[in-house]
Amino acid sequence: MTRSGPEPPVPGRHRGGRRAAGLVTFVDHVRPDGVVVRWESRRHRKHQEPATGSTWWAPAARGWWIAVLFAVGSLLFAVGSVPGYTDAVGARWDTVTYFVGSLFFTAASFLCYREAVDAGPPADNPAHRRVLVRQPRRIDWWATGVQLVGTLYFNVSTGVAMSDDLSAVTAHQHVWRPDAIGSVCFLVASLLAWYETCHAWAAWRPRSWAWWIALANLVGSVAFGVSAVAGYISPVTGQVHNATGANTTTLVGAVCFLVGAVLLLPERTEETRAPAAPAADGAAPAS
């Protein structure tokens, strides 16, 4: 089987794994002593190094910043879509709130992408600190890369929306369309992250932080997609199809993303369930 990412140097034979479209999410190895150890894509990426600091305060850790930046961005999107917020601060400051939130999303997504790149095998990332790398056999590279592209589209959409007196055509092409594309990117990325975490399209693992994070982000992405449909801007009249529905589903999606971001903190410091193999193996017992 073709592996999609760096696997731990566990001596023994390869027993099996799971992949979607050729992208491996886990691989089981049987050590010479008969113990089965599992390499998992998400666990390897999230626990490349021992966790530093506490669960709630660790500014020296990249994983902590990913959680905090996503949480702030989600909170700003939630605030911007709260009923009455526009009336309280004005339409311009409402759009500014969304734009600033999108910048936090982009910063967090870039760190996620770098996290995935740094977890890649030396053969795919010899310089280790490169940004524009190509690792198409890795599901986390696709998930984080697509997510990053989506945030850039949100930057464009929310940035243009701050302009005054937009024409109907401009609002359709440069506000709604980038928003719709960004929402599609988020949905694709969330589906890939869900499969990476669950190793299947359907799974029930309520004891796993990663499962709750993937679920919250998937629901949030669906809500953002519904918001994009409801927020369709006519290129003729410039009217929003269903502004109330768009704001409501944006609020739902933002709250889901906020929950997923906060749960990244305990996931970062969760105890690594390693067997008797060396700690560098980064493997967990098969379940």
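Descriptive notes on the structure:
- Segments 166-172, 137-143 sorted - mean Cβ within 10 Å per residue, highest first: 137-143, 166-172
- Convex hull per residue volume in Å³, alpha carbons only, for segment 112-269: 131 Å³
- Within the accessible area of segment 123-221 (1.4 Å probe), percent carbon and sulfur: 64 percent
- Put simply, when 261-267, 203-209, 176-182 are sorted by average Cβ atoms within 10 angstrom per residue, most first, you get 176-182, 261-267, 203-209.
- Gain in span if fully extended, Thr52 to Trp65, counting 0.36 nm per residue against the direct Cα distance: 3.4 nm
- Summed residue charge, Cβ within 14 Å of Leu215's Cβ, Lys/Arg positive, Asp/Glu negative: +1
The values are calculated or read from the model by the stated rules, or taken from the named source; none is laboratory data. None of these values were measured; they are calculated from a predicted model. As a convention, Cβ positions derive from the backbone with ideal geometry for all residues, glycine included, and neighbour counts pool all protein chains shown. Heads up: the accessible areas ignore ligands, DNA and RNA and are worked out on the full protein's heavy atoms, side chains in. Shrake-Rupley method; radii C 1.70, N 1.55, O 1.52, S 1.80 Å.
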